[in-house]
Each structure stands twice: as C-alpha cells, then as structure tokens.
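Enquirer: Structure provided below as structure tokens; questions to follow.
Laboratory data are not the source of any read-out in this text; all were calculated from the coordinates shown. What you see is a predicted model; the values in this text were computed from it and never measured. Here the Cβ is made from the backbone with ideal geometry for all residues, glycine too, and neighbour counts use every protein chain on show.
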Amino acid sequence: MNGIPSIETTRLVLRPFTAEDLDDYTRLIFADAEVMRYLPKRDLAPHERAERTLTVFAEHWAQHGFGVWAVTDKMTGNFIGHCGLGPVPEAGEIEVLYSLGKAYWGQGVATEAARASARFGFEHANLTRLIALAVPENIGSRRVMEHLGFAYEKDAHFFELDLAYYVLPREQFHPGDSSLFLVR
C-alpha cells in the first residue's frame with residue numbers, strides 16, 4: 001500500500017495496513033461477536049472476512065487517494081482496529097467509519113481516530129461533506145459522532161441494517177485541539 005500517508009495523533013498512529021495485521025484484525029474485530037453485533041453480517045469466516053475487507057480498503061485507496069487505516073497505539077504499537085473514510089454507494093456519500101477491539105471502547109480512541117480521519121477528508125481529500133452511520137443501539141458510536149459535530153439527519157437502511165444517519169458538512173467541522181501530522 002505504498003503512497004498511503006500515516007496520521008499521528010496524541011495517542012494513535014493511523015497507518016497503512018500490513019500483512020502482519022491480519023491475525024490481530026481477525027481476532028479483535030471479526031472473531032469477536034460483541035464487536036460484530038454492530039457491523040454488517042456476511043457469510044464469510046472471520047479470517048476470510050478480514051482478508052476481503054483489507055482488499056476493499058486497498059482498492060479504495062488506489063482509486064480515490066483516501067480510505068481506511070489500521071489504528072495502532074502510539075506508545076506500544078499495538079493494533080487497535082480500523083478507522084477512515086469509505087464509500088456508501090447506496091447513499092452516494094463518504095462515511096467516517098471505525099471499528100475497534102472492545103478493550104479500547106470508552107476511552108476516546110474512536111473519537112480521536114475519527115476526528116483525524118474527518119480532518120484528513122476535509123483538508124487533504126477535499127471532501128465537502130461526510131456521513132457517519134450507526135446501529136441505533138450503539139450509543140457509544142453515536143456519542144463519537146456527536147462529539148465530532150455530526151448531526152443526526154434520518155433513519156436509513158444500508159448493508160442490511162437499520163441505521164442512524166449523521167451528517168457533517170466541512171464548514172461545521174472543528175478539528176479541536178487534535179494534533180495531526182501526515183507522514184509519507
């Protein structure tokens with residue numbers, strides 16, 4: 001995945017995925033039923049699903065110059081999950097999306113990673129609007145969206161899920177005190 005920038009925030013590094021991430025990615029996200037209850041269901045085994053997801057992420061970076069990063073802990077280098085920007089073809093929109101291992105929930109990690117992703121989208125990918133989607137019961141994810149300034153717009157149905165649909169126009173985005181460093 002050459003040419004994909006990395007982003008460093010206060011506690012995190014958002015970087016290109018590597019082959020070495022696959023086992024941790026499978027274990028933390030796709031093999032964890034509690035994490036998966038908020039994600040679209042597929043008929044693939046967890047390892048196959050992780051491989052397919054990484055392929056989709058890589059293709060999006062190659063075609064559009066933005067996409068989804070691996071999220072790692074800046075101090076330890078430990079893999080945490082993913083965060084970035086991806087298409088929602090049915091809506092014709094770009095979504096800020098994230099999924100973290102449950103050990104990292106409730107610590108502000110998703111907010112920090114999603115803020116950096118939104119900032120990249122607005123400042124470097126020249127996007128004018130982002131959406132965010134969440135299963136209505138996923139209160140933690142909805143709080144992340146609201147902390148970032150996303151406003152609830154409507155209920156929607158994508159990826160075979162009923163979802164809360166949030167919107168954030170560029171002019172309403174505030175990067176806050178987040179530090180963002182792009183590394184090539």
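Enquirer: Here are some conditions: (1) touching a strand residue (DSSP E or B) at 6+ places or on another chain (Cβ under 6 Å); (2) buried (at least 21 other Cβ atoms within 10 Å of the Cβ); (3) of a type in the set (Gly, Ala, Ser). Ser6 meets all but one. Which one does it not meet?
Expert: Tallying (1) touching a strand residue (DSSP E or B) at 6+ places or on another chain (Cβ under 6 Å); (2) buried (at least 21 other Cβ atoms within 10 Å of the Cβ); (3) of a type in the set (Gly, Ala, Ser), Ser6 fails exactly one: (2).
Enquirer: Go through the range 67-85 and count every residue that is buried (at least 21 other Cβ atoms within 10 Å of the Cβ) and not in a strand (DSSP E or B).
Expert: Qualifying residue count for the region: 1.
For every residue, the table says whether it meets (1) surrounded by fewer than 22 Cβ atoms within 10 Å (Cβ to Cβ); (2) among the acidic types (Asp, Glu).
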{"residue": "Leu127", "(1), (2)": "yes, no"}
{"residue": "Arg142", "(1), (2)": "yes, no"}
{"residue": "Phe150", "(1), (2)": "no, no"}
{"residue": "Glu153", "(1), (2)": "yes, yes"}
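Enquirer: Filter the range 94-132 down to the residues that are of a type outside the set (A, V, I, L, M), closer than 23 Å to Asn78 by Cα and assigned to a strand (DSSP E or B) and list them by number.
Expert: Of everything in the range 94-132, those that are of a type outside the set (A, V, I, L, M), closer than 23 Å to Asn78 by Cα and assigned to a strand (DSSP E or B) turn out to be Tyr98, Ser99.
Enquirer: I'd like the full set of residues that are part of a helix (DSSP H, G or I), more than 17 Å from the chain's Cα centre (by Cα) and exposed (fewer than 15 other Cβ atoms within 10 Å of the Cβ), limited to the range 40-57.
Expert: Passing the criteria: only Glu48.
Enquirer: If Leu133 satisfies all but one of (1) surrounded by 13 or more Cβ atoms within 10 Å (Cβ to Cβ); (2) out of contact with any Phe, Trp or Tyr (no Cβ under 7 Å at 6 or more places or on another chain), what's the number of the condition it fails?
Expert: If we test Leu133 against (1) surrounded by 13 or more Cβ atoms within 10 Å (Cβ to Cβ); (2) out of contact with any Phe, Trp or Tyr (no Cβ under 7 Å at 6 or more places or on another chain), just (2) comes out false.
Enquirer: Restricting the first residue to the range 64-82 and requiring it to be polar (S, T, N, Q), which pairs with a second residue that is outside any loop (DSSP other than H, G, I, E, B) meet a Cβ separation below 7 Å and a spacing of at least six or different chains?
Expert: Taking only residues 6 or more apart or on different chains, the pairs are Thr72/Leu12; Thr72/Val13; Thr72/Arg15; Thr72/Phe79; Thr72/Ile80; Asn78/Thr72.
Enquirer: For the range 17-39, name all the residues that are outside any helix (DSSP H, G or I) and out of contact with any Phe, Trp or Tyr (no Cβ under 7 Å at 6 or more places or on another chain).
Expert: Hits for the range 17-39 are Thr18, Ala31, Asp32, Arg37, Tyr38, Leu39.
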